[in-house]
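All of the numbers you see were taken from the coordinates with simple rules; none came from a lab. Since the structure is predicted, the reported quantities are computational estimates derived from the model, not experimental observations. Cβ sites come from the backbone with ideal geometry, for glycine too, and all protein chains shown count toward neighbours.
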Amino acid sequence: MPSAARNPRMPAVLLIAILLAIFCSTASAGEVWPQFRGPNGQGISDAKGLPIEWSETKNVRWKTPIHGRAWSSPVVWHDQIWLTTATQDGKELSAIKLDRETGKTLLDKVVFHIAKPQFCFDFNSYASSTPVIEEGRIYVHYGSHGTACLDTTTGDTIWTRQDLPCNHHRGAGSSPILFGDLLFINFDGYDVQYVVALDKATGRTVWKRDRDIDYGTSDGDAKKAYATPTIIEVAGRPLLISPAAAGTTAYDPSTGEPVWRIRHGGMNAASPPLFGHGLLYLNTADGGFREFAVPPTGTGDITASVVWKQQQAMPVRCAPLLIDDLLFMVNEAGILSCLDAATGDLIWRHRLGGHYSASPVYADGRIYFCSQDGDLPVIAAARHYEPLATNQLDDGCMASPAIAGRSLFIRTRKSLYCIEQEK
């Protein structure tokens, strides 16, 4: 809505209503998976008819090798699939477009050449941030090494930014999101921590807000985070919820003005916030409250409003799922937990085994998991543990899967799979 956003006579309430309507309509479109963890970043799809079982020889519509080393998730826009990748040394950062029907590579473009890449921990990659896509445009992000907007038809570069400083130290991980005319990105590094909003049409900085968080230490490692922000609506007002180490802040997305803050402790926060039942569900990763719920209302410091905390066997890297009145999550050691979303009480726990970094996704009453070891369990989203299948692929997953139409798109370390029920 560029023209509406520039019209000073348009009432603010009407503009907000239009933007939220667009945001929600995208979320209900089953043919797109536009950002990290899908529409609204919740990991939920309205797709029907996805397979429960698959292997290298069963229910695989196509499999396409992907060069390089990258943990970013695929995004889907109707007949296109996009993902990013990087060379092992981080000197070439690329964007790849595939045909959704065939898996054929339509574009393989080096977006940035990096002469001296920052240090990246072996467990991370130089392309771990998932792109965000909309009609005609895709926005790829590689931390402070570069952010770019590409034309999805031609692959031409529309704009780039390489002047957003941040020492990621162990590599970047936060993914960008879109709302209205703005592209939002978290930068939570060893040296600096801030949130920036860019004009999606030009890449120009609209606002930049340094974190106003008391980390309680001068150790830059304790100030790092990898979380992706999200937009929620509270009392008709949009809020940009941006998790960080030690605290989470809600900003006015149009101005960057802080609305409220929570002091929750912890470091390396990686999960996007979840929102439902009038509560915001947040994960603090290493230390702090771990998993907790809070009403996203009020102003200033709202830490005292936290309604529950759960610390036992909570994930560090894998984001939870909010399905009806239940929270489902798997930690890095393969321990699966189901919590009551209202109270945080444990309903059941089960050891899946294996190692997990990818976040699960949900569709049609089922939860799909992808392990680092190549095991891909499927369970029912139920108040008791109900396994449906345990699948196996030749390689493991670091990236979270995507869903569109009747297809599950799974990125392993070396390939992208289209998993679809055979007719």
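Using 1/(1 + (r/R0)^6) with R0 = 25 angstrom and r between the beta carbons of THR343 and HIS384, what's the FRET efficiency to the nearest 0.05?
Working: r = 18 Å, r/R0 = 0.70.
According to the calculation, E is roughly 0.90.
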### Query
Under the Karplus relation 6.51 cos²θ - 1.76 cosθ + 1.60, θ = phi - 60°, what is the ordered set of whole-Hz ³J(HN,Hα) values for the range 411-420, x standing for Gly and Pro?
9, 8, 5, 10, 9, 10, 10, 9, 9, 8
### Message
Let me confirm the definition first: pairs of Lys residues in the range 2-420, 8 or more apart or on different chains, C-alpha distance under 19 Å. How many are there?
### Response
15
### Query
Which distance in Å, rounded to a whole number, links the C-alpha centroids of the range 180-224 and the range 274-301?
20
### Query
Under a GNM of the chain (C-alpha, springs under 10 Å), which listed residue has the highest mean-square fluctuation: THR248, THR284, THR160?
THR160
### Message
For a test of the definition: using alpha carbon positions, the gyration tensor, and the 1.5 limit on a/c, classify the range 291-423 as rounded, prolate or oblate.
### Response
prolate
### Query
HN-Hα J couplings of the range 196-203 from phi, Karplus 6.51/-1.76/1.60, θ = phi - 60°, integer Hz, Gly and Pro as x?
10, 10, 10, 5, 5, 7, 10, x
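Where a ≥ b ≥ c are the square roots of the eigenvalues of the C-alpha gyration tensor, would you call the range 191-277 rounded, which needs a/c under 1.5, or, failing that, prolate if a/b is larger than b/c, or oblate? Numbers along the way, then the final one.
On the way: a/c = 1.90, a/b = 1.26, b/c = 1.50.
Here the range 191-277 falls in the oblate category.
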### Extension gain from THR154 to LYS104, taking 0.36 nm per residue of separation minus the Cα-Cα distance
16.4 nm
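Mind ranking 324-330, 144-150, 381-387, 181-187 by how tightly packed they are, going by the mean number of other C-beta atoms within 10 angstrom, highest first? Mind dumping the intermediate values first?
Numbers: 324-330: 20.3, 144-150: 21.9, 381-387: 13.4, 181-187: 23.9.
Ranked by mean Cβ neighbours within 10 Å, highest first: 181-187, 144-150, 324-330, 381-387.
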### Query
On average over all directions, what projected area in square nanometres does the range 232-372 have, based on the convex hull of its Cα atoms?
8.4
### Query
By the gyration tensor of its Cα atoms, with a ≥ b ≥ c the square roots of the eigenvalues, what is the shape of the range 165-317: rounded for a/c under 1.5, prolate for a/b over b/c, or oblate?
oblate
### Query
Who wins for biggest fluctuation among VAL378, VAL234, VAL294 in a Gaussian network model of the chain, springs between alpha carbons below 10 Å?
VAL234
### Nonlocal amide H pairs with GLN80, under 5 Å, H built at 1.01 Å
ARG100
